[in-house]
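Visitor: Attaching a single structure in structure tokens format; questions to follow.
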Amino acid sequence: MSGMEYPQPTEIHQYVQLASWLREEIVSGRIALGGKLPGEEALKRSFGVDRSVVRRAVQLLREEGLVVTRHGVGSFVAAVPQLKIAVVRPGDRVSARMPDDTERGNLGALSPGIPLLVITRAHGGDQEVYSAAVTVLHVEQ
């Protein structure tokens, strides 16, 4: 075993978890278009994370085009992604996996840590691939 110390997986993904929570607040409308995100200090206290985790989470949302940051003022919602509804019928199979680089590019601004939902239809055909961040599954009986 080498003398290197590796971070725990939860340490690596804290910023992804925080970005996912903030994204959900935006998508759900709890933070409206033009609304201000909670401040850095409030997020640090609420989630028990370091400043670097908060900054990296907000950076992910900036890269997705969801927020803009005004120095000394805060971060604000710049865009609200439209939710997609994917219909799942009896016999269809749904799985989740992480995207490769090509899929990440094809789906637009897909941040690290966001899985894909893959629907394989019972009748065959190409698989349908959706971003789990903005897709709601509607299951028909």
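The values are calculated or read from the model by the stated rules, or taken from the named source; none is laboratory data. Here the structure is a predicted model, which means the values were calculated and not measured. Glycine also receives a Cβ, built like all others from the backbone with ideal geometry; neighbour counts cover every protein chain displayed.
Visitor: Could you please give the count of residues in region 88-117 that are closer than 27 Å to Q59 by Cα and surrounded by 11 or more Cβ atoms within 10 Å (Cβ to Cβ)?
Guide: Of the residues in region 88-117, 18 are closer than 27 Å to Q59 by Cα and surrounded by 11 or more Cβ atoms within 10 Å (Cβ to Cβ).
Visitor: Residue by residue through region 82-115, note down the ones that are touching a strand residue (DSSP E or B) at 6+ places or on another chain (Cβ under 9 Å) and among the β-branched types (V, I, T).
Guide: Hits for region 82-115 are I85, V87, V88, V94, I114.
Visitor: Would it be correct to say that E103 is at pLDDT below 90, assigned by TED's automatic domain parsing to the domain that holds S28 and of a type in the set (D, E)?
Guide: Spelling it out, it is not the case that E103 is at pLDDT below 90, assigned by TED's automatic domain parsing to the domain that holds S28 and of a type in the set (D, E).
Visitor: Would you confirm whether or not region 71-85 contains a residue that is touching a helix residue (DSSP H, G or I) at 6+ places or on another chain (Cβ under 9 Å) and at positive phi?
Guide: Yes, there is a match, as at least one residue in region 71-85 is touching a helix residue (DSSP H, G or I) at 6+ places or on another chain (Cβ under 9 Å) and at positive phi.
Visitor: Also, I was wondering about something else. Give region 96-116 a look and list any residue that's more than 18 Å from Q17 (Cα to Cα) and of a type outside the set (D, E, K, R), or say none.
Guide: Scanning region 96-116 gives T102, G105, N106, L107, G108.
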